[in-house]
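To start, the structure under review is shown below, and the notes come after it.
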Amino acid sequence: MDTDTQTAELKIGLEETGSSKVATGVLGMALHSFSDSGAELFTACMDGGVYQVNARSGESRMLGRHGSYASSVCWNPSGPGTLISSGYDGRLQWIDHRSGQLRHEVHAHNFWSWNMRLSPDGRMAASVSGQYLCGGYKYEPAPETEPCVRVYDAESASLMHSFSHLPPVLSVAFSPDSRYLAAANMMGDIRIWDLHSGGLFNEWNTPDFTSWGIIKSHHYIGGIFDLCFTPDGRGLVACGMGPMRDPMAGNGKQTWQLFDLTPTDGPAKKLEIRDDERGRGLMESIVFHPGGRFFVMAGRLAQGQWNTGFFNAEDGALIHSLNCGYRVTSVCFSEDGTTMVLGGAASQGDKKDGEWRDFGRITEYRIAV
């Protein structure tokens, strides 16, 4: 069967099976289990809380709390019932998901943990940080004052690696075999380290995720907000928002790029989103379906038709899309690929009768390929 025929036959079927409102915006999410009553999730939220939540009912219980926004949460099924969360307090926490007992806590960064990931083998947790401070008359970022990338043992919480990167570093991803770690920043700089040797494996820059504002605010904005290795580990996909003139509008082009990591002379851009298939808005999450034939990119919509797009991994074509009506910060799939869950936040609005309304959102879908 030729490639054109294969591409034409790749279709996505989605059925919404449940949705819920939760009290506060969801910034990170991990799928724990799935049953007839709905997906059970762990969420990192804007009130600093780490929760266990049912995607359909919205019922939740708090398991832990950070001193500021909780930015990421990872479930370690190979560990003894352990969650690892990160927050804008610069801390990583290891929490027993049954009792809520805090097992370990480390002060990983002197600034926010923008993102944190668990390695596929369950042995390492990586967190990235860094503050955008003016480094010169061109408003380029100042050098880091501490390592912006740190890797911890997922069981003992001991520090394994510290890596240098230009702040702010917004995204991080492990390769499928857990050997390599990638991280990317606001300026489009991507670095990959070999975790076996501890050395820098590769680095390059892509300028298509960064803007210099010329209206209202004169500064850099944008960056690579999420990264994902291809299932075979031979490629890396980055997502974020393309250039814009007005940083306050947040209306840069929805953007992803896929890089081939195999050329001997360095990574090469292989695919990117087609200009006639995207709108405008910041894309914050990118993840491959477990089947490997497509990936999903999602975020917030400024202008256009969709904030969640499904893309053919073979040729990059948009094969399905939806606008769920809220900012999506996290996408996750069940292990068998039959369930997809989106998490994020709607507008908080104004207080009513002295109370804030529930503005966190979770939506569960049954997915067929």
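The values are calculated or read from the model by the stated rules, or taken from the named source; none is laboratory data. Everything numeric here is computed off the predicted structure, so don't read it as measured data. Glycine also receives a Cβ, built like all others from the backbone with ideal geometry; neighbour counts cover every protein chain displayed.
The set of residues in the stretch 298-326 being closer than 23 Å to LYS21 by Cα and in contact (Cβ under 8 Å) with a residue 60 or more places away in the chain consists of GLY299, LEU322.
Just one residue in the set ASP276, ASP260 is touching a Lys or Arg at 6+ places or on another chain (Cβ under 6 Å) and modelled with pLDDT of 95 or more; that residue is ASP260.
Taking the numbered list (1) closer than 25 Å to LYS270 by Cβ; (2) part of a loop (DSSP other than H, G, I, E, B) in turn, SER156 passes all entries but (1). Is one or more of the residues making up the stretch 170-178 part of a strand (DSSP E or B), of a type in the set (S, T, N, Q) and either surrounded by 15 or more Cβ atoms within 10 Å (Cβ to Cβ) or without any contact (Cβ under 8 Å) to a residue 12 or more places away in the chain (or both)? Checked against the condition, which is being part of a strand (DSSP E or B), of a type in the set (S, T, N, Q) and either surrounded by 15 or more Cβ atoms within 10 Å (Cβ to Cβ) or without any contact (Cβ under 8 Å) to a residue 12 or more places away in the chain (or both), the stretch 170-178 yields at least one hit. Any idea which residue in the stretch 338-369 is surrounded by the most Cβ atoms within 10 Å (Cβ to Cβ), counting only those that are in contact (Cβ under 8 Å) with a residue 60 or more places away in the chain and among the β-branched types (Val, Ile, Thr)? Ranking the candidates gives ILE362 first. Residues of the stretch 66-96 that are surrounded by fewer than 19 Cβ atoms within 10 Å (Cβ to Cβ) and either modelled with pLDDT of 95 or more or closer than 29 Å to GLU16 by Cα (or both): GLY67, SER68, PRO77. Evaluated against (1) under 25 Å from LEU27 (Cβ atoms); (2) part of a loop (DSSP other than H, G, I, E, B); (3) at pLDDT 95 or above, PHE311 falls short on exactly one condition, (2). Assess whether GLU335 counts as being surrounded by fewer than 20 Cβ atoms within 10 Å (Cβ to Cβ), touching a Pro at 6+ places or on another chain (Cβ under 7 Å), among the acidic types (Asp, Glu) and at negative phi. So GLU335 passes the test.
Pull up the stretch 186-233, narrow it to residues that are of a type in the set (Val, Ile, Thr) and in a strand (DSSP E or B), then point me to the one that is surrounded by the fewest Cβ atoms within 10 Å (Cβ to Cβ).
Quick first cut of the stretch 186-233, residues of a type in the set (Val, Ile, Thr) only: 190, 192, 206, 210, 214-215, 221, 224, 230.
If we keep only those that are in a strand (DSSP E or B) too, we end up with 190, 192, 210, 221, 224.
Details: ILE190: 23, ILE192: 23, THR210: 22, ILE221: 20, ILE224: 30.
By that ranking, first place goes to ILE221.
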